[in-house]
């Protein structure tokens, strides 16, 4: 079992006497459904699984209530209670208010029914939860797969992981580059944009959002002012719209805009974002580089390596209180700043022809006095394979 930690954590929470709705949230194709079926087999109680994304399900409130009633019958007939799993729950209109009503009724009746909700977009799911289900749920974040997980499951090398990213469903297609690329473009990118973002949010400029995603993949690892983005995108929009669209893309596990590190939150929000893919496969699926060609292009490979480190930091801090930023003053820059409260670690990435900006590290250290200054890659640095094999919290100290 590759995602053993997630499996064990969810099973532990479901075995507790305390009643909370468990929410397993993460991007598409990270194995949420496979994981929950493994949990169902381990739970040793009757379980009912239903997906609002299935063609046979209408995905409306009546359908949701029917699934809940079926699980209630199981709970009434089983001394140990029962388990209800609802997948793609965000597809149901006003789902959170109905879940609140049903959950509160079962709590009042003392019915031993445990509930797990699955969703493909954390931001969309979180919005429904915080509006109606405050105090009734816990979230377990299912991020993109890590390098050790891809290595254990598919025997991937470090170079394969950096280039192809971490989509387990596409792993068997990497020997057929064009087929792999089409799979990511059609089954992941287009499906996420059209079904998880555009269908479930008010997006006044869908073409702008799509071009922003493409631009973000092309410029991953680079700091780009919103005004410059608008110039690149050649679309009538504003910086507030772009910031909102970046937020939607991050919630769907695709693209983030890192803020500049500053002790003042208002300065972080006003800074130009550093564009960062959450899976390097999104970068390479949209261009025509082969792995050998990417490896031979020092500048391109350096951006891929830095993006792999940034994606690893963001994915391994999902669901925690750790924050990831960058820092730049003039020509001085630090690739990533990892922080938790007053704890700060500055991280520089070096790969191939890319020169680590150690003068930026020195300036940052003088100003902010981080607990750790880390060089990843290069002579004397932490080997990239080692860095990617530990979660971000390990490097904060």
Inset, instruction - Measure nothing fancy, just the Cα-based angle from helix 358-368's long axis to the longest principal axis of the chain, in degrees from 0 to 90, nearest 10. - result: 60 degrees
Legend entry - Net length gained if the chain between residue 37 and residue 17 were fully extended (0.36 nm per residue, minus Cα distance): 5.0 nm
Inset, instruction - At 0.36 nm per residue, minus the direct Cα-Cα distance, what do residue 247 and residue 62 gain on full extension? Give it in nm, one decimal, please. - result: 63.4 nm
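In percent, how large is the relative contact order of the chain, given Cα pairs closer than 8 Å and 6 or more residues apart?
Once divided by the residue count of the chain, the mean separation gives 14 percent.
Quick one: compute the contact order of segment 4-141, relative version, from alpha carbon pairs under 8 angstrom and 6+ residues apart, as a percent.
Relative contact order, segment 4-141: 37 percent.
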Inset, instruction - Report, to two decimal places, the Cα Rg of segment 197-245 normalised by 2.2 N^0.38 Å (N = number of residues). - result: 1.09
Legend entry - Base-10 log of normalised Debye intensity for segment 1-41 (one unit scatterer per alpha-carbon) at q = 0.15, 0.21, 0.27 Å⁻¹: -0.35, -0.68, -1.04
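Order the peptides 365-373, 389-397 from the highest to the lowest mean number of other Cβ atoms within 10 Å of their residues.
Put in order of decreasing packing, that is 389-397, 365-373.
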Legend entry - Distance between modelled label sites at residue 390 and residue 97, nm, 7 Å Cα→Cβ extension: 4.9 nm
Inset, instruction - Answer rounded, prolate or oblate for segment 143-185, using the Cα gyration tensor with square roots of eigenvalues a ≥ b ≥ c: rounded when a/c is under 1.5, else prolate when a/b is larger than b/c, else oblate. - result: prolate
Inset, instruction - Could you tell me how many degrees, from 0 to 90 and to the nearest 10, lie between the Cα long axis of helix 32-43 and the main elongation axis, the longest principal axis, of the Cα atoms of the chain? - result: 50 degrees
Legend entry - Viscosity 0.692 mPa s, 37 °C: Kirkwood-radius Stokes-Einstein D of segment 4-141 over Cα pairs, µm²/s: 221 µm²/s
Legend entry - Förster radius 30 Å - calculated FRET efficiency between residue 152 and residue 342, Cβ distance, rounded to 0.05: 0.25
Legend entry - Percent breakdown of C-alpha pair distances by 10 Å bin, ordered from the shortest bin, for segment 308-350: 26, 56, 17, 1
Legend entry - Tilt relative to the chain, helix 4-15 - C-alpha long axis, 0 to 90 degrees, to 10: 30 degrees
Legend entry - Inter-probe distance in nm under a simple model that places probes 7 Å from Cα toward Cβ, at residue 329 and residue 199: 4.9 nm
Inset, instruction - For the chain, count all C-alpha to C-alpha pairs, find those more than 41 Å apart, and express that count as a whole percent of the total. - result: 17 percent
Legend entry - Cα-derived Rg over Rh, computed across segment 277-397 with Rh taken as Kirkwood radius: 0.97
Inset, instruction - Let me know the Rg and Dmax you get for segment 190-289 when you use only its Cα atoms, in Å. - result: 13.2, 41
Legend entry - For the chain, share of DSSP beta bridges that run antiparallel, in % to the nearest 5: 40 percent
Inset, instruction - Arrange the peptides 18-25, 248-255 so that the one whose residues have, on average, the most other Cβ atoms within 10 Å appears first. - result: 248-255, 18-25
Legend entry - Residue-averaged 222 nm ellipticity for the chain, from DSSP H runs of 4+ at -39500 (n - 2.57), nearest 500: -13000 deg cm²/dmol
Legend entry - FRET E, pair residue 73, residue 293, Förster distance 56 Å, beta-carbon r, rounded to 0.05: 0.45
Inset, instruction - Starting with the fewest neighbours, write out 274, 228, 260 ranked by other beta-carbon atoms found within 10 Å of each beta-carbon. - result: 228, 260, 274
Legend entry - Inter-label distance for residue 320 and residue 264, nm, one decimal - labels placed 7 Å from Cα along Cα-to-Cβ: 2.9 nm
Inset, instruction - Sort out for me the Cα centre separation of segment 92-132 from segment 256-331, rounded to whole Å. - result: 33 Å
Legend entry - At q = 0.14, 0.16, 0.30 Å⁻¹, base-10 log of I(q)/I(0) for segment 62-123 (Debye sum, equal scatterers on each alpha carbon): -0.39, -0.51, -1.41
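Only the coordinates and a few stated rules stand behind these numbers; no lab work does. A quick note: this is a predicted structure, and the numbers were derived from the prediction, not measured. Virtual Cβ from ideal backbone geometry, glycine too; neighbours counted across all protein chains shown.
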